[in-house]
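Right, one structure below, let's go through it.
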Amino acid sequence: MGGNIRGRGAPNALVALVRRPALRSLTGGRRGAFTALTLASYPALLAAAVWPLPATFAVLVPLSYAAEAALPGRAAGALSRAHLGATVRFLSRETAVVVLLARLDAGPPWWFAAFAAGLFLFHGVRAVQTWLSEHVDRRHNQLPAVTRNIDLPALRIPPPPRALLTWRGAKLLYLDALAVVPAAAGATVGLGWTGVAGAAAALAIEVASVVALLAHARRARHLGDRRRVLAAVDDWVAAYRPEVVMYFSGPVTAAYQATMWLGTLERITPRTLVVLRERSLATALGATTLPVVCVPSSVDLMNFRALDGVRVALFPANVGNNIHMLRVPGVRSVFIGHGDSDKEASFNPYTKVYDEVWVAGPAGRDRYLRAQVGVRDEAVEEVGRPQLAAVRRTSPYAEGAAPYRTVLYAPTWEGWSDDLFHSSLAAMGPAIVRALLGRPVRVIYKPHPLTGHRSQAARTAHRKIMALLQENTAMPHLVVSGREPSLYECFNEADVLFSDISSVVSDFVASGKPYVVANVAGLPEDRFRERYPAAGAAYLLGPDLAELPDILRRLDAKGEDDMAAARRALRAYLLGADHQDPLARFEEAVRRAAARAEDRARSLGLGALAPVVRE
C-alpha cells in the first residue's frame with residue numbers, strides 16, 4: 001500500500017520538477033519542460049517496473065505518451081541526433097512493461113511470451129510498412145515530371161493512399177499503446193491477456209496496411225519507368241503545341257513571382273504552358289487553368305522535345321536554372337520580371353542574357369539606361385502592366401459605401417543585405433501603425449511574402465504590428481498574410497498607401513490615389529526622388545515620422561490633394577500611357593516576339609518551328 005502511495009506521487013513530482021523556474025530557464029521554457037518531462041518519464045517507468053509499483057506504472061504510461069506527443073519537433077530532432085530517437089524511446093517503454101509483467105508474474109507464461117513476441121513482430125512489420133509507404137510515395141511524388149491540368153490516361157496514375165502514406169515511420173509507434181496501456185492497467189489484477197489482445201490488434205492493423213500498400217505498389221509499378229513517364233508528358237505537350245512558355249525556377253517563397261502572371265497568360269490567345277523546375281513549386285503555384293509541367297532534372301528538360309515548337313519563353317525571375325531554357329534554339333527569350341520598381345532587382349546585370357526585356361513604361365527603359373548594366377536599349381520594350389486593368393481609381397469610402405477611410409501598409413521585405421534601406425518594416429513599421437491607429441482609419445497590413453526571411457528584426461517588427469492590430473478593435477483592421485485578398489484587391493479597398501521603394505508603389509500609381517513612401521535612410525528629399533523616380537509623386541516619410549502629421553492633414557483636406565496632378569503625370573511615365581485594352585497590348589507584344597522567333601529560326605536554317613510528335 002505504501003509503495004503504491006509513493007508511486008502515485010511520482011507523476012506529480014515530475015510535473016513539479018519541470019515547472020521549476022530554474023529548469024525552465026535552462027531548457028528554454030515550455031519546450032524545454034516537455035523535453036525534460038519526456039526524458040524523465042522513461043527511467044521513471046523502468047524504476048516503477050523493477051520495484052515493482054504497478055499502480056504508479058499505470059499512471060506513468062499515459063503521462064509518458066502525452067509528453068511524447070507534445071514534444072516539440074526541434075527537440076525531437078535533437079534527441080535523434082543524440083541517439084535517443086523515437087524508436088529507442090518507445091522500445092524503452094515497451095521494455096519497461098515487459099519487465100513489469102515479469103516481476104509481477106501476472107498470468108500464464110504463454111501470455112507473457114505472446115505479449116513479448118507480439119511487440120517484437122510489431123516493429124518488424126512496422127519496418128516493412130514504412131519501407132513500402134516510402135516506396136509508393138516516391139512513385140507518386142518523385143516522378144521525373146510533375147503536371148497540373150494535364151490528363152495522362154496512358155500512365156493510369158492511381159490515386160495515392162493518403163492515409164497510409166501519412167501514417168508511417170515514427171507515427172506508427174503510437175500503435176503500441178494498444179498493447180502497452182492494457183498490459184499496464186491489467187497487470188495488478190491478472191488481466192495479462194488484455195496486453196496480448198492489444199499487441200495482436202496493433203499487429204493486425206500493421207499487416208492490413210502492408211497488404212494494402214503491396215496492392216497499390218503493384219498498381220503503380222509502371223510509374224517507376226522513367227522513360228515511359230517522360231514520354232507520356234512529352235506526347236501530351238507536343239499535341240498541345242504550346243506557342244508560349246512561362247519558365248520559372250526558385251524556392252517556394254518566390255512562387256508569387258510566377259503566380260502574378262497566371263491570370264494574364266490565361267487570357268491571351270497564344271497557347272501557353274507553364275514550365276517549373278522545383279517539385280515544391282507545382283503545389284505552391286497559384287490556381288490556374290493553364291497546363292503546368294515541372295521537370296526537375298536539367299537533362300530531362302533539355303531532352304524534352306515537345307518544347308521545340310515554342311516561340312516565346314517568358315521569364316519572371318533571374319535565376320541560374322534559366323540557362324536550361326535559354327539554350328533552346330529558335331526560342332525568343334523575354335524577361336518580364338515580377339513587377340517594375342526602382343530597386344536594384346529591376347536592373348540586374350543578369351538581364352542582358354535575354355533577347356528582350358519588357359517593362360511597363362518609359363521609367364523602366366530609363367532605369368536600364370541609367371544603370372548601364374549591358375541591356376541594349378533596342379532590347380527594351382514597353383508593354384504596360386496588364387495585371388493593373390482591375391485596379392480601380394476609387395474606394396468604398398470615396399463611393400460612400402464605407403464610413404471610414406482605409407490605409408494600406410504594404411512594406412517590402414528586408415532584402416539580402418542591410419545596406420539597401422528599402423524596407424521600413426524594422427525601422428519604422430510599428431511606429432507607423434501605432435500612429436495610424438490613433439486616427440479614425442481602418443488599417444490593412446499586407447507584408448511582403450518574404451518578410452522575415454533573413455532578418456530577425458523584421459520578424460520582430462512584423463509580430464509587433466500583428467499584436468497592435470489584434471489589440472485594437474475599434475475598426476475592422478485586416479492582416480493579409482496569405483494570397484487572399486490579392487494585392488490589387490487591397491488597392492481597391494484603400495484610400496492611401498504607405499509603402500517602400502518596390503513594385504507595390506509603381507503598381508499603386510495606377511489607382512491615382514495618394515501614397516506615402518518611407519525614406520528609411522533619411523536622404524534629402526530631392527536626392528531621394530532623383531534616385532527613386534517612383535517616389536516622384538509621393539509624400540515622403542522620414543525615419544522619425546516627423547512629416548506624418550502634416551501628411552495626414554494634407555490628405556484630410558477636401559477635394560484633390562496637392563500631389564494629384566503629379567501622380568497623373570507619373571502614372572504615364574511608370575506604367576505607360578493609358579491603353580484601351582492593356583491585355584491586347586501585352587498580347588500584341590507576345591505576337592511580335594513570336595514573329596521575330598520565326599524569322600530567326602529561318603535565318604538559322606532551323607525551318608518552321610514545330611514540336612516533335614512521337615509516332
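The values are calculated or read from the model by the stated rules, or taken from the named source; none is laboratory data. Not measured: the values here are computed from a predicted model. Glycine gets a Cβ as well: all are built from the backbone with ideal geometry, and neighbour counts include every protein chain shown.
Just a few scattered comments:
- Meets criteria (in the same structural domain as residue 519 (by TED's automatic domain parsing), more than 26 Å from the chain's Cα centre (by Cα) and hydroxyl-bearing (Ser, Thr, Tyr)) for residue 445: no
- Close pairs (7 angstrom Cβ cut-off, 6 or more residues apart or separate chains): free of Cβ contacts under 8 Å to residues at least 40 places away in the same chain in the range 562-589, of a type in the set (Lys, Arg) and part of a helix (DSSP H, G or I) anywhere: 562/554
- Within the range 315-329, considering residues that are within 23 Å of the chain's Cα centre (by Cα) and not aromatic (Phe, Trp, Tyr), the one surrounded by the fewest Cβ atoms within 10 Å (Cβ to Cβ): 320
- For the range 465-478, filtering for residues that are surrounded by 12 or more Cβ atoms within 10 Å (Cβ to Cβ) and in contact with a Lys or Arg (Cβ under 8 Å, 6 or more places away or on another chain) leaves 4.
- Taken over the range 200-246, residues that are closer than 23 Å to residue 143 by Cβ and in a strand (DSSP E or B) amount to 2.
- Some residue of the range 124-134 being within 26 Å of the chain's Cα centre (by Cα), modelled with pLDDT of 85 or more and either exposed (fewer than 15 other Cβ atoms within 10 Å of the Cβ) or of a type outside the set (Ser, Thr, Tyr) (or both): yes
- Test: residue in the range 153-164 that is part of a helix (DSSP H, G or I), under 19 Å from residue 215 (Cα atoms) and at pLDDT 90 or above: no
- Check on residue 409, in contact (Cβ under 8 Å) with a residue 24 or more places away in the chain, of a type in the set (Phe, Trp, Tyr), assigned by TED's automatic domain parsing to the domain that holds residue 535 and in contact with a Phe, Trp or Tyr (Cβ under 6 Å, 6 or more places away or on another chain): yes
- Of all the residues in the range 448-477, those that are outside any helix (DSSP H, G or I) and either at pLDDT 95 or above or in contact with a strand residue (DSSP E or B) (Cβ under 7 Å, 6 or more places away or on another chain) (or both) number 3.
- Some residue of the range 130-148 being in a helix (DSSP H, G or I), touching a Ser or Thr at 6+ places or on another chain (Cβ under 6 Å) and within 30 Å of residue 77 (Cα to Cα): no
- Within the set 191, 173, the sole residue that is in contact with a helix residue (DSSP H, G or I) (Cβ under 8 Å, 6 or more places away or on another chain), in the same structural domain as residue 49 (by TED's automatic domain parsing), modelled with pLDDT of 85 or more and aliphatic (A, V, I, L, M) turns out to be 173.
- Boolean, residue 390 is surrounded by fewer than 17 Cβ atoms within 10 Å (Cβ to Cβ) and at pLDDT 90 or above: no
- When residue 432 is tested against (1) farther than 22 Å from residue 535 by Cα; (2) in a helix (DSSP H, G or I); (3) of a type outside the set (Gly, Ala, Ser), only condition (1) is not met.
- Checking each residue in the range 208-230 for being of a type in the set (A, V, I, L, M) and closer than 10 Å to residue 145 by Cβ picks out 229, 230.
- Verdict on residue 32 being modelled with pLDDT under 85 and either acidic (Asp, Glu) or surrounded by fewer than 16 Cβ atoms within 10 Å (Cβ to Cβ) (or both): no
- Residue in the range 431-449 that is over 27 Å from residue 558 (Cα atoms), touching a residue at least 60 places away in the same chain (Cβ under 8 Å) and crowded, with 16+ Cβ neighbours inside 10 Å present: yes
- Subset of the range 165-199 [of a type in the set (Lys, Arg) and in a loop (DSSP other than H, G, I, E, B)]: 168
- Matching residues, the range 71-104, being surrounded by fewer than 16 Cβ atoms within 10 Å (Cβ to Cβ), aliphatic (A, V, I, L, M) and within 27 Å of the chain's Cα centre (by Cα): 78
- Scope the range 263-292; condition over 23 Å from residue 595 (Cα atoms) and in a helix (DSSP H, G or I); matching residues: 263, 279, 280, 281, 282, 283, 284
- Total residues in the range 309-332, condition out of contact with any strand residue (DSSP E or B) (no Cβ under 8 Å at 6 or more places or on another chain), farther than 15 Å from residue 244 by Cβ and either in a loop (DSSP other than H, G, I, E, B) or of a type in the set (D, E, K, R) (or both): 3
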